[in-house]
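Structure first, commentary second.
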Amino acid sequence: MSTRATTVGFGSKGARGARVLLVALMCAITLGAVSGHAADALRHFGLSRSVPAADASVASPAEVRLWFTQVAQPGSVSIRLIDARESAVETGEPTRDESDGRVYAIHIGKALAAGPYTVSWRGIGDDGHTVRGEYRFTVSAQ
């Protein structure tokens, strides 16, 4: 009586299938990790857009408007406008948009001179962490 051993394994077709399965699994894990980081980023307080936009060249704006990724804790938002000499430009206090609690603005009571400006902002989100940032824009000569 002869005994024949049967090996259950990966022949050439099986090996290819295993590689495809392994690559698909690695892609799924990577995609999950990336989308998880993206979701984390959206949960943290930060600036999502602004007017004037970062690096924009604009006519003198009447206000600076910032859109945050979440509603800030009450009284935690500050927005400063700084000129080329690194002096603070006098503006109104930050006001929250009544229709969207993520939006804040400062009113600029005068025409700005041509040149670069920095918007420096700070706020506290749901997680209690203070977040700061800044960006620049330029007022073009008129």
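The values are calculated or read from the model by the stated rules, or taken from the named source; none is laboratory data. Predicted model only: the values in this text are computed from it and were never measured. Cβ sites come from the backbone with ideal geometry, for glycine too, and all protein chains shown count toward neighbours.
Among the criteria (1) exposed (fewer than 10 other Cβ atoms within 10 Å of the Cβ); (2) at pLDDT below 95; (3) of a type in the set (S, T, N, Q), the one THR30 does not fulfil is (1). How many of the residues in region 85-113 are free of Cβ contacts under 8 Å to residues at least 40 places away in the same chain, hydrophobic (A, V, I, L, M, F, W, C) and either under 17 Å from GLY46 (Cα atoms) or surrounded by 14 or more Cβ atoms within 10 Å (Cβ to Cβ) (or both)? Final tally of qualifying residues: 2. Just to be sure, is THR91 within 16 Å of VAL139 (Cβ to Cβ), in contact with a His (Cβ under 7 Å, 6 or more places away or on another chain) and modelled with pLDDT of 95 or more? Against the criterion (within 16 Å of VAL139 (Cβ to Cβ), in contact with a His (Cβ under 7 Å, 6 or more places away or on another chain) and modelled with pLDDT of 95 or more), THR91 qualifies.
Selection within region 83-142: residues that are of a type in the set (Val, Ile, Thr) and within 20 Å of the chain's Cα centre (by Cα). The member of this set that is nearest to SER48 (Cα to Cα) is VAL103.
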